[in-house]
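Some notes on the structure that comes next.
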Amino acid sequence: MSISIKSQNDIEMMKIAGKKAASVLEMLDHYVKPGVSTEYLDQIAFKYITEDLKCIPANVGYNGFPKTLCTSVNNVICHGIPSEDKVLKDGDIINIDITVIYEGWHGDTSKMYLVGQVPAHAKRLVDITQECMYAGIRKVKPGAHLGDIGNAIQTMAEENHYSVVRDYCGHGIGQIYHEEPQVVHYGEIGEGLVLEEGMCFTIEPMINLGTYHSKLLDDGWTVVTKDGKLSAQWEHTIAVTKSGFEVMTLRDEEDFSVS
Ligand code: MF3
Ligand code: CO
Ligand code: CO
């Protein structure tokens, strides 16, 4: 089993795909508000991706997934299915996860949105989860271990008395949506795969307010917290560069660049 190494040209293609994926999340900023259904958000995203970006929405039909977006509200950890019946209300937190394919290359990213006025404990979970992702990203450079990333995320989450979901993880990405390696969001410094320039993978920690245990709903997709408490997630697609990392799915609102 080996990890694919992307050429400079491949990485240029991934950067275009990543930028386009990021633009979907930026576009959705204007639409996420109380009273809107997750189905409506999905329809807007599908139209934008196919008509404006001229990309393929990678989730549609992926292992039978029916929609463009994953929309995971409150106690939903990941893979929530957009639905007419799921109408956002004041105080909700929602993760929207999108993957687009541009000329065969994937860009995979997600962010949390606050719906109306969100309670302080929920906003804090959202903010610290983003910091956990950034702490993981900052560890990326040739010679670092995957365990360094997981350890940084786990340490920050647990210092804040949160837990790191164990059942789902980040992944290698390129012309294949999910490829090796698995990028878990917990671990020990110095353990696991040694990173090399040209590797591309996602870092996408799911952090829970309560315990890390998850439960899969009967629809076969929606993953919820076992204790019913809130969960948050952020995701970027990253390339390992000579000097460190590049975040290929960076949005304009983010104040975070190459190390
Ligand atoms: N985008 C998700 C990830 O971060 C995977 C979603 S697969 C789907 O890896 F089928 F649920 F869309
Ligand atoms: Co992913
Ligand atoms: Co994703």
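Observations on the model:
- When the pairs Lys86/Lys123; Lys33/Lys215; Lys15/Lys141; Lys19/Lys226 are compared against a 23 Å limit on Cα-Cα distance, Lys33/Lys215; Lys19/Lys226 fall above it.
- When the GluC sites (Glu not before Pro) in the range 165-259 are filtered for DSSP coil states and for at most 15 other beta-carbon atoms within 10 Å of their beta-carbon, the remaining sites are Glu188, Glu191, Glu196, Glu253, Glu254.
- Dipole magnitude for the range 8-247: about 400 debye, using +1 per Lys or Arg Cβ and -1 per Asp or Glu Cβ, origin at the Cα centre.
- Additional length obtainable on full extension of the chain from Lys33 to Glu103, 0.36 nm per residue less Cα span: 21.9 nm
- Cα centroids of the range 37-87 and the range 189-234: 19 Å apart.
- Extending 7 Å from Cα along the Cβ direction at Leu216 and again at Asn160 yields two label points whose distance is 2.9 nm.
- Zone of Asp167's modelled label, taken as backbone nitrogen in the range 37-81 under 17 Å from a point 7 Å along Cα→Cβ: 71-81
- FRET efficiency, 1/(1 + (r/R0)^6) with R0 41 Å, evaluated for Glu188 and Val87 via beta carbons: 0.45
- Charge dipole of the range 8-247 about the Cα centre (unit charges at C-beta), most positive-ward option of Met14, Met206, Ser243: Met206
- At R0 = 22 Å, FRET efficiency that the Cβ-Cβ distance of Ser7 and Ile176 yields, to 0.05: 0.90
- Solvent exposure of the chain, expressed per residue, is 43 Å² of accessible area, with all protein chains present and a 1.4 angstrom probe.
- The range 1-52: chymotrypsin sites (Phe, Trp or Tyr not before Pro) falling in loop per DSSP and having at most 15 other Cβ within 10 Å: Tyr31
- Shape category assigned to the range 82-186 from the gyration tensor of Cα positions, a/c cut at 1.5: oblate
- For the range 8-247: span of alpha carbons on each principal axis (Å, largest first): 48, 43, 30
- In the chain, the DSSP-assigned H stretches of four residues or longer account for a calculated mean residue ellipticity at 222 nm of -8000 deg cm²/dmol, using -39500 (n - 2.57) per stretch and the full residue count as denominator.
- Choice from Ser231, Ser110, Ser37 showing the highest fluctuation, given a GNM over the chain with Cα pairs closer than 10 Å: Ser37
- Residue of Ala232, Ala120, Ala144 that the Gaussian network model of the chain assigns the largest fluctuation, springs spanning Cα pairs under 10 Å: Ala120
The values are calculated or read from the model by the stated rules, or taken from the named source; none is laboratory data. Everything quoted here is computed from the prediction, not taken from an experiment. Cβ coordinates were reconstructed from backbone atoms using ideal geometry, including for glycine residues, and neighbour counts include every protein chain displayed. Protein only, heavy atoms only, side chains kept; ligands, DNA and RNA dropped before computing areas. Shrake-Rupley method; radii C 1.70, N 1.55, O 1.52, S 1.80 Å.
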